[in-house]
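Beneath this line is the structure, given in structure tokens, with notes to follow.
Nothing in this text is a laboratory measurement; each read-out follows from the coordinates by a stated rule. Source: prediction; values computed, not measured. Positions of Cβ are generated from backbone atoms using ideal geometry, with glycine treated the same way; all protein chains shown enter the neighbour counts.
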Amino acid sequence: MKEKKFYPMYFIWPALIIYGLLCILPGIIGIYYSFTDWSSYSDKINFIGLENYKYIFTSGQDYTKYIYNTLMFTVVSNIVKIIPALFLALMLREGLKGQNFYRGVLYFPSVLPYLVIGLLFRSMLHPTTGVVNQVFGALNMDFLAQKWLTDPNFVWGSIFAVDAWRGIGYVMTIFIAGLQSIPESYYEAAKIDGAGYFSLLKHITLPMLMPSITINVVFGLTYGLKVFDIIYVLTNGGPGRMTEVVATGIFKEFSDGTYGIGSALSSILFVFMAVVGILIVGRMNEKKVEM
Amino acid sequence: MKKFLSAVLMLTMSLSVFAGCAKSEETPAPDAAKPASTEAPAAEEKDKNKDITLTVMTSQGWAFPAEDMLTQKFEEETGIKVDLQVVPADQYHDLLKAKLTSGEGPDIFYAQTNEFQIKTATVDPEKYCIDFSDAAWKNVMPKTRIPAVSYNDKLYGLMLWYDSPEFVYIYNKTLFEEAGIKEAPKTYEAFKAACEAIKAKGITPIYEYGAAGWHHQLPFFQIGPRYEELQPGLYKGLNDNTIKFADSKDMQKALDQINEFVQNGYYGDDYMSNDGTDKEDRIANRQAAMIQEGPAFIETIKQKYPEVTDEFGVFLVPFIDNQNYPTNPSGPAIFGYKESKNVEAVKQYFDFLTKPENLQIKLDNTSEWTNIDIAIDGVEQHFTDIEKAFKESIPREKYEIAPVLQTGTKYTNDQWMETGKDMISMFMGELTSKQVLENIDERRAKLAKSQNDPAWQ
């Protein structure tokens with residue numbers, strides 16, 4: 001059936017022009033600059049082809065590791081936030097006493113500035129003076145005390161833990177909103193038919209929660225690919241360059257005045273995010289059609 | 001199920017309570033009395049200035065108590081408010097450069113500079129800095145420091161720093177004697193033996209603070225004169241790009257020796273987490289025996305911990321058997337932002353800082369300094385006997401071979417923090433000493449090419 005159109009197409013143009021000028025054009029200009037030697041040291045900008053990309057992928061400055069770290073952070077940080085957040089959301093819709101208080105407490109870290117979180121956890125996780133290792137010491141469990149933010153074996157785990165501590169409340173809130181939109185009658189009918197807790201979860205809750213899961217995954221992916229703050233405040237990319245990500249690399253290049261290389265790194269991130277975004281939106285539209 | 005879920009939830013809640021229980025670091029309070037204001041300008045002048053606020057941006061490492069006192073005095077005298085913004089040392093230069101390049105620079109800012117660096121990465125004086133060539137305070141600075149704040153015959157900055165052996169090893173003499181070490185080490189082998197003896201007593205030989213990002217690379221750079229002594233012409237070759245850092249066997253050897261110290265545990269277990277805020281405490285309380293600081297550090301310990309009876313001494317950094325004085329006519333300087341809306345107020349602030357009475361306040365309330373390197377009279381210096389004796393014990397020719405590496409070679413100080421990161425990677429086994437040097441060369445080439453340096457074309 002032909003879709004009925006209420007408004008003419010040209011109504012979209014003002015919004016499209018503003019979006020294009022403010023969002024699309026800077027991205028395209030950035031890609032152009034990635035092929036130049038633009039820097040803060042010279043007013044001249046020369047086209048240098050793929051030199052910046054060559055430098056990124058072949059120099060000894062470990063940019064490829066930054067890209068790997070960004071992808072790894074995106075995947076792991078989503079897993080460690082979404083699964084526990086779903087678990088907590090399920091608990092907090094079960095009619096616990098004082099559930100609003102718990103929801104508030106869990107959401108609270110999400111509103112804390114990253115700088116505060118960084119100072120707080122850098123202090124807490126200090127191997128000698130930090131409260132975490134001191135608690136282990138007081139409990140005679142010194143073997144659990146670690147150099148949380150400087151030991152290569154623990155630094156990523158510590159970042160993921162702090163990131164999860166901050167982000168779980170936000171993800172959980174989206175899940176709770178999704179859970180509240182599931183009609184109670186579905187559960188009642190299923191219970192009459194003899195369904196247990198896990199059957200209800202598998203056949204009603206999770207399928208009905210798919211839109212919330214999708215939103216959380218999309219938000220999580222875009223957050224993960226752009227991650228900067230949490231790394232910057234906790235480790236500043238260290239120890240060494242172990243936890244550098246693309247965004248910290250871009251910041252470094254721009255603050256060094258080597259804008260061309262910074263633009264090339266930004267462009268890589270831009271293209272990757274665009275591809276991931278298109279794939280996800282496409283997938284979501286497919287689901288919509290199926291439903 | 002509900003009970004189980006409740007129990008898990010309660011456990012999670014309990015753990016989150018610990019989040020607020022971090023042990024706070026003690027911040028030393030300024031111990032000197034608030035300075036009395038000098039001449040008060042007319043009330044109307046103050047009233048005129050009451051809407052002006054100057055932003056002053058500095059690094060944590062340079063934010064001495066004197067800065068607070070001077071800004072307060074300036075406010076009282078002029079009515080101009082000062083917003084002193086102190087940024088963690090490991091983020092300072094990145095943030096400053098990002099602010100300047102984005103057109104949002106602070107009215108006044110500090111930046112590490114030297115004769116070469118002023119022309120390179122940090123501040124780009126012609127683009128960002130106020131020209132102070134006609135300032136009356138120009139003669140306050142000694143001639144040796146002028147090149148570090150000048151560019152194309154114009155003066156852009158004010159460098160108020162001290163003239164002491166910067167970053168040598170301060171050691172606990174009493175502890176050394178108890179460990180059977182009779183004299184301060186002058187060679188690498190003697191240094192290593194001393195560390196081993198201290199470590200055997202269950203004490204960390206050297207307190208290092210890697211989390212600050214700027215300190216742990218000092219031993220490598222401060223012994224620059226030794227590299228030049230072992231390979232005459234090295235600095236010239238590095239500056240005209242006929243020699244690479246990676247070609248220097250001596251630099252590689254120095255890095256290997258520093259790394260050996262780390263692997264042997266001479267820096268302790270927590271050096272990468274330390275940010276230096278407890279350095280006096282660690283040394284005064286014998287948790288560590290040595291630290292790389294200036295001689296004034298000894299006075300700071302005596303003042304802060306009067307109960308400590310241990311004697312302290314000073315020795316030169318002995319990696320690759322260095323016995324040269326770390327000559328370094330550079331340091332952090334103060335610049336005014338060209339695009340500031342309050343250029344006149346900025347100039348007033350610089351005039352204020354360079355008055356003899358204010359220089360005296362700066363020196364008297366900066367416990368890390370024993371003197372201030374200026375070319376005018378009217379300021380009482382506080383050189384210590386230990387410092388005087390130490391300087392006199394070094395032969396004159398050992399002062400004159402070359403300045404420290406970061407001051408004597410181009411595009412080196414610009415990548416101070418990056419080199420620090422590479423050194424941490426070396427400590428973790430991810431890079432070799434040779435790769436650290438190759439990375440320095442690569443970054444030097446990147447900076448040189450971006451500035452069209454003919455030696456790198």
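Tabulated data for the structure shown
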{"quantity": "Cβ-based charge dipole, chain B, positive-most Cα from B:PRO125, B:ASN358, B:SER248", "calculated": "B:SER248"}
{"quantity": "Lys, Arg +1 and Asp, Glu -1 on Cβ, resulting dipole of the protein assembly as shown about Cα centre, debye, nearest 20", "calculated": "3240"}
{"quantity": "Estimated FRET transfer efficiency (B:LYS127, B:LYS347; beta-carbon r; R0 25 Å; 0.05)", "calculated": "0.85"}
{"quantity": "Inter-chain Cβ neighbour average for residues A:233-240, partner chain, 10 Å", "calculated": "6"}
{"quantity": "FRET efficiency, 1/(1 + (r/R0)^6) with R0 45 Å, evaluated for B:ASN139 and B:LYS186 via beta carbons", "calculated": "0.70"}
{"quantity": "Selected from A:ASN140, A:ASN153, A:ASN46 as most flexible by GNM, with chain A as the system and alpha-carbon contacts under 10 Å", "calculated": "A:ASN140"}
{"quantity": "Intensity falloff of region B:128-268 expressed as log10 I(q)/I(0), Debye formula with alpha-carbon point scatterers, at q = 0.17, 0.19, 0.21, 0.22 Å⁻¹", "calculated": "-1.07, -1.16, -1.26, -1.31"}
{"quantity": "Unit charges at the beta carbon, dipole of region A:63-243: most positive-side option, A:THR150, A:THR173, A:TYR102", "calculated": "A:THR150"}
{"quantity": "Most to least packed among B:315-327, B:84-96, B:241-253 [average Cβ atoms within 10 Å]", "calculated": "B:315-327, B:84-96, B:241-253"}
{"quantity": "Straight-distance crosslink candidates among lysines, where the alpha carbon sits under 20 Å from B:LYS355 and sequence neighbours closer than 8 are dropped", "calculated": "B:LYS34, B:LYS46, B:LYS73, B:LYS81, B:LYS138, B:LYS143, B:LYS347"}
{"quantity": "Average beta carbon contacts from partner chains per residue of A:118-128, 10 Å cutoff", "calculated": "5"}
{"quantity": "Shielding score for A:251-260, defined as the mean number of other chain Cβ atoms within 10 Å", "calculated": "6"}
{"quantity": "Centre separation in Å (Cα based) which lies between region A:8-54 and region B:92-106", "calculated": "22"}
{"quantity": "Relative contact order of chain B, defined on C-alpha pairs under 8 angstrom at six or more residues apart (%)", "calculated": "23"}
{"quantity": "Overall form of chain B per C-alpha gyration tensor (a/c, 1.5; a/b vs b/c)", "calculated": "rounded"}
{"quantity": "Top positive-direction residue, dipole computed over region A:63-243 with Cβ charges, set A:LEU206, A:MET124, A:ILE79", "calculated": "A:MET124"}
{"quantity": "Equivalent-ellipsoid semi-axes of chain A, from the Cα gyration tensor, Å, largest first", "calculated": "38, 33, 15"}
{"quantity": "Two-site label geometry, B:LYS244 and B:PHE383: point separation in nm, points 7 Å out along Cα→Cβ", "calculated": "4.4"}
{"quantity": "Computed over region A:63-243: relative contact order in percent, which uses C-alpha pairs under 8 Å that are six or more apart", "calculated": "37"}
{"quantity": "Once exposed loop GluC sites (Glu not before Pro) are cut out (DSSP; at most 16 other Cβ, 10 Å), longest piece of chain A", "calculated": "A:95-291"}
{"quantity": "Solvent-free Debye scattering, log10 I(q)/I(0), computed from the Cα coordinates of region A:37-79 at q = 0.28, 0.29, 0.32 Å⁻¹", "calculated": "-0.93, -0.95, -1.01"}
{"quantity": "Alpha-carbon centroids, region A:222-291 and region B:250-267: separation in whole Å", "calculated": "36"}
{"quantity": "Magnitude of the charge dipole, region B:225-266, Cβ model with Lys/Arg +1 and Asp/Glu -1, debye to 20", "calculated": "40"}
{"quantity": "Whichever lysines have a C-alpha closer than 18 Å to that of A:LYS65, once near sequence neighbours (fewer than 8 apart) are set aside", "calculated": "A:LYS54, A:LYS226, A:LYS252, B:LYS421"}
{"quantity": "Partner aspartates and glutamates for A:LYS202 [C-alpha distance under 19 Å; skip if fewer than 8 residues away on the same chain]", "calculated": "A:GLU94, A:GLU184, A:GLU188, A:ASP193"}
{"quantity": "Pair A:SER181, B:LYS154: separation of 7 Å Cα→Cβ label points (nm)", "calculated": "6.1"}
{"quantity": "FRET E, pair A:LYS65, B:GLN435, Förster distance 22 Å, beta-carbon r, rounded to 0.05", "calculated": "0.95"}
{"quantity": "Value at 222 nm in deg cm²/dmol, rounded to 500, when DSSP H runs of n ≥ 4 in the protein assembly as shown each add -39,500 (n - 2.57)", "calculated": "-15000 deg cm²/dmol"}
{"quantity": "Kirkwood hydrodynamic radius of the protein assembly as shown, Cα pairs, Å", "calculated": "29.1"}
